[in-house]
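The values are calculated or read from the model by the stated rules, or taken from the named source; none is laboratory data. Just so it is clear, the structure is predicted and the values come from calculations on it, not from any experiment. Note that we place each Cβ from the backbone using ideal geometry, even for glycine, and neighbour counts take in every protein chain shown.
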Amino acid sequence: MAQQPIRFDDGEAYERGMGRWSQLAGQVFLDWLAPPPGLRWIDVGCGNGAFTELLAQRCAPAELQGIDPSEPQLAFARTRPAARGAAFLQGDAMALPFDRNRFDAAVMALVIRFVPDPAKGVAEMARVVRPGGTVAAYVWDSLGGASPTSPIQAELLAVGVATPVPPSAGASHMAALRDLWTGAGLEAVETREITVQRTFADFEDFWRSTIATPIARQAVAAMVAGDVDQLKARLRARLGADAAGRVAYRARANAIKGRVANSP
């Protein structure tokens with residue numbers, strides 16, 4: 001049976017599952033980019049606005065556009081008080097609705113492995129950024145088993161349950177990111193790993209967060225109750241807990257940045 005496509009159609013659930021993770025990694029990512037204030041930004045695949053809000057809070061943008069194909073996600077993004085200065089538009093990462101050289105910086109936060117043609121997505125970011133501007137992204141190292149959902153995906157696989165696979169999962173690998181950026185003609189390409197840790201009040205807190213993510217939610221929803229209990233027992237044993245019952249998990253993202261070449 002063919003797997004169902006991964007659907008990002010619930011901004012509130014995404015916030016419970018991935019919003020905090022995105023901002024934890026996003027803080028380190030922005031420290032690394034160290035952008036000056038007053039830039040024109042585009043957040044490609046902005047989803048529910050978790051990273052867009054961070055840009056608004058930290059970067060004093062002159063303009064901030066968020067683009068995503070999911071209207072329900074965008075509806076949630078528009079409710080974020082700190083992101084009220086941003087414009088959120090429905091659109092396709094592979095065909096951005098903007099003219100060439102419109103922005104100073106384009107970013108993709110945790111998105112590139114979900115773009116059907118990531119090379120086209122990077123080329124589009126480069127197209128809409130002015131010469132000398134920045135094109136950057138960060139993405140969970142899912143191939144390295146270090147994403148926030150890696151523990152539950154490993155245990156699902158162990159009990160014979162397949163999880164949906166992003167259309168461009170290989171794009172999360174550092175070497176693949178470098179190939180994409182250099183292939184788009186970007187210069188001064190740099191990469192780095194970003195490691196962040198999140199501590200949950202207890203296992204149930206971790207569970208509620210994890211199954212709110214689309215990949216885990218779709219897999220668990222197809223299981224019967226007894227199998228879910230088995231999965232939870234395996235996951236609890238894998239993660240462990242401290243003396244107070246808290247569960248800590250460390251995730252890793254791969255990040256990349258490059259500069260749009262000056263016109264000849």
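Within the range 228-264, how many residues are farther than 27 Å from ALA162 by Cα and either more than 23 Å from the chain's Cα centre (by Cα) or among the β-branched types (Val, Ile, Thr) (or both)?
Qualifying residue count for the region: 11.
Output the number of residues of the range 239-264 satisfying the condition of being closer than 30 Å to ARG130 by Cβ and without any contact (Cβ under 8 Å) to a residue 60 or more places away in the chain.
Selection size over the range 239-264: 1.
Pick from ALA126, ALA146: which is surrounded by fewer than 23 Cβ atoms within 10 Å (Cβ to Cβ) and in a helix (DSSP H, G or I)?
Answer to the selection: ALA126.
Does any residue of the range 161-183 turn out to be within 20 Å of GLY258 (Cα to Cα), touching a strand residue (DSSP E or B) at 6+ places or on another chain (Cβ under 6 Å) and outside any helix (DSSP H, G or I)?
No; the residues of the range 161-183 include none that is within 20 Å of GLY258 (Cα to Cα), touching a strand residue (DSSP E or B) at 6+ places or on another chain (Cβ under 6 Å) and outside any helix (DSSP H, G or I).
Between ALA126, ALA83, ALA119, ALA106, which is at pLDDT below 95 and not acidic (Asp, Glu)?
ALA83
Note down all Cβ pairs under 6 Å where the first residue falls in the range 74-94 and is more than 16 Å from TYR14 (Cβ to Cβ), the second is of a type in the set (A, V, I, L, M, F, W, C) and outside any helix (DSSP H, G or I), and they're at least six residues apart or on different chains.
These pairs meet every condition: ALA86/LEU64; LEU89/ILE67; GLY91/ILE67; ALA93/VAL44; ALA93/VAL115.
GLU155 versus (1) touching a helix residue (DSSP H, G or I) at 6+ places or on another chain (Cβ under 6 Å); (2) part of a helix (DSSP H, G or I); (3) surrounded by fewer than 20 Cβ atoms within 10 Å (Cβ to Cβ): which is the lone unmet condition?
(3)
Please determine whether any residue of the range 24-36 is touching a strand residue (DSSP E or B) at 6+ places or on another chain (Cβ under 7 Å), outside any helix (DSSP H, G or I) and at pLDDT 95 or above.
Yes - at least one qualifying residue is present in the range 24-36.
Looking at ASP43, ASP99 in this structure, which one is in a loop (DSSP other than H, G, I, E, B) and of a type in the set (Asp, Glu)?
ASP99
Which one of these is of a type in the set (A, V, I, L, M, F, W, C), modelled with pLDDT under 95, surrounded by fewer than 16 Cβ atoms within 10 Å (Cβ to Cβ) and within 23 Å of the chain's Cα centre (by Cα): ALA225, ALA212, ALA221?
From the options ALA225, ALA212, ALA221, the qualifying one is ALA221.
Scan the range 70-96 residue by residue and report those that are part of a loop (DSSP other than H, G, I, E, B) and closer than 23 Å to TRP32 by Cα.
Matches in the range 70-96: ALA86 only.
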